[in-house]
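Working notes, beginning with the structure itself.
A short reminder: the numbers here are calculations on the coordinates, not readings from a lab. Because the structure is predicted, anything quoted here is derived from the model rather than measured.
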């Protein structure tokens, strides 16, 4: 029998309270890897994996264009539109920072009541 099977069998023998503690501990270990700066860097790498390209027209004539709310902006010389690393992503139109979304996701994964999810973090 493998070590995993032995551990799995031991989990079945735990009380309900012990299973809740185990679940909470595993969840903390798994979600502690969600670092907002790492996720932002991955988004940037994905955005420019094929070089700097405008998400609007696909042209490569792109240059840096200052910052807005702490985000690097870019300007496309072809379509004359601006964009950030997050343009077109699920958080691009959000007024909340990525860190808040990650905290919200962590709370909802713990099945906390919606009211507690809305409380200031």
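Listing for the model above:
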read-out: Directionally averaged shadow of the range 1-92, computed from the convex hull of its alpha-carbon atoms, nm²; value: 9.6
read-out: Translational diffusion coefficient (Stokes-Einstein; Kirkwood radius from C-alpha pairs) of the range 64-108 at 25 °C, 0.890 mPa s, in µm²/s; value: 206
